[in-house]
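*Asks:* First the structure, then my questions, so here it is.
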Amino acid sequence: MTNSQYNEQNEQDELQRYLEAKARQEQEQEKQKEQEPGQLSAYEACVLRESARIHELIAEAQKGKAD
């Protein structure tokens, strides 16, 4: 095997190892996402709280109109 063939084989091996490691990392991230579907970001939690508050205010306003 010539030096250039050896270097090319070495690069291919490194690339293969990199791709395998990247695939494992992505699989681990997917597993974490599946295991923690209930966790919300702070922004999402804030939006949900404010949305619930708005719905409560609307319900109170409609209740006041009916009385």
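*Asks:* Taking the condition of being in a helix (DSSP H, G or I) and loosely packed, with under 10 Cβ neighbours inside 10 Å, how many residues in segment 1-20 meet it? Reasoning before the result, please.
*Replies:* Our first condition is that a residue be in a helix (DSSP H, G or I); within segment 1-20, this holds for 3-20.
Of the ones still in play, those that are also loosely packed, with under 10 Cβ neighbours inside 10 Å are 3-5.
Counting residues in segment 1-20 that are in a helix (DSSP H, G or I) and loosely packed, with under 10 Cβ neighbours inside 10 Å gives 3.
*Asks:* Of everything in segment 40-67, what is surrounded by 10 or more Cβ atoms within 10 Å (Cβ to Cβ) and under 11 Å from the mean Cα position of the chain (by Cα)? Give them in sequence order.
*Replies:* If the condition is that a residue be surrounded by 10 or more Cβ atoms within 10 Å (Cβ to Cβ) and under 11 Å from the mean Cα position of the chain (by Cα), then Leu40 is the only one that fits.
*Asks:* Does any residue of segment 33-46 turn out to be at pLDDT 85 or above, of a type in the set (Lys, Arg) and part of a helix (DSSP H, G or I)?
*Replies:* Initially, segment 33-46 is screened for residues at pLDDT 85 or above, giving 41-46.
Subset that is of a type in the set (Lys, Arg): none.
No - not one qualifying residue is present in segment 33-46.
The values are calculated or read from the model by the stated rules, or taken from the named source; none is laboratory data. The model shown is predicted, which means the values in this text are computed figures rather than measured ones. Cβ sites come from the backbone with ideal geometry, for glycine too, and all protein chains shown count toward neighbours.
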